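To keep things clear, I will list the structure first and then write my remarks on it.
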Amino acid sequence: MFDVQQACQARELAAARQLCAELARSGEPAAMQQLGRWHAAGEAGCARDPGLAAYWYFQAWQTGLDAVEQDIIRVRAELEAAAESGSAEAQNALGLLLCFGHDDPSSAAPWFERAAEQNHPEALRTLGYLAESGRGVPRDEARALDCFRRAAELGDPLAQFNLGMMLMASDRAASITWLTRAAERGMPEAKDALANSNHLTRIGPG
């Protein structure tokens with residue numbers, strides 16, 4: 001994060017934003033929080049977007065960064081308003097907060113469904129996870145398969161992995177295709193599954 005701060009001080013905002021995004025995607029919680037704050041305020045060249053702000057706050061919170069809870073509280077009202085107004089990013093982020101932050105999948109599912117109607121990959125994948133496990137929605141493997149397939153076709157590597165695992169018993173060729181795509185996106189679980197067809201664990205939220 002020191003390099004991000006240096007770039008900000010030098011007013012090299014594009015470089016700071018790019019570096020911060022790279023760090024956030026690699027799992028750095030402070031970068032996730034910073035990216036969330038930039039989206040919340042519309043700073044450093046980031047679009048003002050409460051959905052993306054809440055998404056990155058949630059990712060930081062999942063890593064154990066408790067300090068980000070206050071950021072989530074501050075953005076909550078704007079997040080809910082954006083979700084009601086039809087923002088797929090906000091709908092997905094609100095669903096994540098309700099499902100995994102408040103352990104309320106029943107309240108989260110309608111938000112994932114609304115985002116999924118707009119082909120939001122993560123919402124589709126998470127809805128597939130809920131349908132497969134029966135959390136918040138009726139257990140429905142056919143629906144789970146459809147959600148995973150739609151998300152996988154949109155390029156979501158976790159959905160590609162889940163779809164590949166679901167198809168292992170019924171369509172091995174298609175299973176290998178999707179697992180290979182997930183492996184090419186850097187998923188070690190997919191690489192393991194390709195090496196061992198008995199690897200049966202699927203992945204939910206990311």
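Structure data summary
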quantity	calculated
Folded to 0 to 90 degrees: helix 29-41 orientation relative to the chain principal axis, Cα	70
Radius, Kirkwood style, for the stretch 1-85 when every pair of distinct Cα atoms is counted (Å)	12.7
Projected-area average for the stretch 47-124 over all orientations - Cα convex hull basis, square nanometres	4.8
222 nm mean residue ellipticity, helices alone, for the chain (DSSP H n ≥ 4; -39,500 (n - 2.57); rounded to 500)	-21000 deg cm²/dmol
Degrees, to the nearest 10: 121-133 long Cα axis against longest axis of the chain	50
Positive-pole candidate from T180, G27, Q62, dipole of the chain, charges at beta carbon	T180
For the stretch 1-85, size of Cβ-based charge dipole, Lys and Arg +1, Asp and Glu -1, in debye	160
The chain, relative contact order [Cα under 8 Å, separation at least 6], %	10
Over the stretch 87-206, relative contact order from alpha-carbon pairs under 8 Å, at least 6 apart, %	17
Estimated distance in nm for a label pair at A169 and I73, the labels positioned 7 Å out from Cα along Cα-to-Cβ	4.7
Value of relative contact order over the stretch 1-85, rounded to a whole percent, pairs C-alpha under 8 Å and six or more apart	21
Cα-only Debye scattering, the chain: base-10 log of I(q)/I(0) at q = 0.19 Å⁻¹	-1.27
Rounded tilt (10° steps) of 172-184 against the dominant C-alpha axis of the chain	20
Under 13 Å, Cβ to Cβ, from L124 - net charge with Lys/Arg +1 and Asp/Glu -1	-2
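No value in this document is a laboratory result; all are computed from the given coordinates. Only a predicted model underlies this, so the values are computations on that prediction, with no experimental measurement involved. Neighbour counts are summed over all protein chains in view; Cβ atoms, including those assigned to glycine, are modelled from backbone coordinates with ideal geometry.
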